[in-house]
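Here's the structure we're looking at; comments come further down.
The values are calculated or read from the model by the stated rules, or taken from the named source; none is laboratory data. Being a predicted model, the structure only gives us computed values, none of them experimental. Cβ placement follows ideal geometry from the backbone for every residue including glycine, while neighbour counts extend to all protein chains displayed.
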């Protein structure tokens, strides 16, 4: 009887097989956590569950939703392709990149502590001298961003959709070739706070 009761309790706390799928890059390097989404049951994404969850990969238990992100894609794409993730090698930093429209994308950084995902906000661009040049810039109809982790542990965000102010000589400020895309370079300081280190123009292939 005890064995039966234990099995029932375990099943009730697990993510049921087939109902959730691990996103691209969603499995943490230590294989303990995973980011999952719910596959669409119909071809219409606006009818789907757009939740993005963090689960305990070792037990299948649901830890909780990542409330800042969505797999809806702004009604574009599919729930299983609209979200992709990156983890730091030590599984303490999680980056979730997700679609928000036809050509629009956004990102969210999380710090993992005690199996919980804590949202990390990016510093205001005005904290860097180059950031002051961006104040008041207009954007195209399809702005977006994507965040990546570099090998040295820093964070880069590629942002696009900016409309340059053609009365400003951006080359004088180290932004030669700025035509709508920028690369923001962030580093964690000794206290674990994220700081904006530099703003550059992405190099062309």
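Residues in the range 175-191 that are over 21 Å from residue 142 (Cα atoms) and either under 19 Å from the mean Cα position of the chain (by Cα) or without any contact (Cβ under 8 Å) to a residue 12 or more places away in the chain (or both): 7 in all. Going by what's in this entry, would residue 159 be described as buried (at least 17 other Cβ atoms within 10 Å of the Cβ) and without any contact (Cβ under 8 Å) to a residue 40 or more places away in the chain? Here the answer is yes, as residue 159 does meet what is asked.
Out of all the residues in the range 188-197, is one or more in contact with a helix residue (DSSP H, G or I) (Cβ under 9 Å, 6 or more places away or on another chain) and either outside any strand (DSSP E or B) or more than 21 Å from residue 103 (Cβ to Cβ) (or both)? Among the residues of the range 188-197, at least one is in contact with a helix residue (DSSP H, G or I) (Cβ under 9 Å, 6 or more places away or on another chain) and either outside any strand (DSSP E or B) or more than 21 Å from residue 103 (Cβ to Cβ) (or both), which makes the answer yes.
Has the range 78-95 got any residue that is farther than 16 Å from residue 24 by Cα, surrounded by fewer than 15 Cβ atoms within 10 Å (Cβ to Cβ), touching a helix residue (DSSP H, G or I) at 6+ places or on another chain (Cβ under 6 Å) and outside the structural domain of residue 158 (by TED's automatic domain parsing)? The answer is no; no qualifying residue exists. Here residue 119 fits the description: on the phi < 0 side of the Ramachandran plot, in contact with a strand residue (DSSP E or B) (Cβ under 7 Å, 6 or more places away or on another chain) and surrounded by fewer than 17 Cβ atoms within 10 Å (Cβ to Cβ).
Restricting attention to the range 135-150, does a residue exist that is assigned to a helix (DSSP H, G or I), modelled with pLDDT of 90 or more and over 24 Å from residue 33 (Cβ atoms)? No, every residue in the range 135-150 fails to be assigned to a helix (DSSP H, G or I), modelled with pLDDT of 90 or more and over 24 Å from residue 33 (Cβ atoms). Filtered by the rule that a residue be farther than 20 Å from residue 147 by Cβ and either in contact with a helix residue (DSSP H, G or I) (Cβ under 9 Å, 6 or more places away or on another chain) or in a helix (DSSP H, G or I) (or both), the range 176-187 gives 176, 177.
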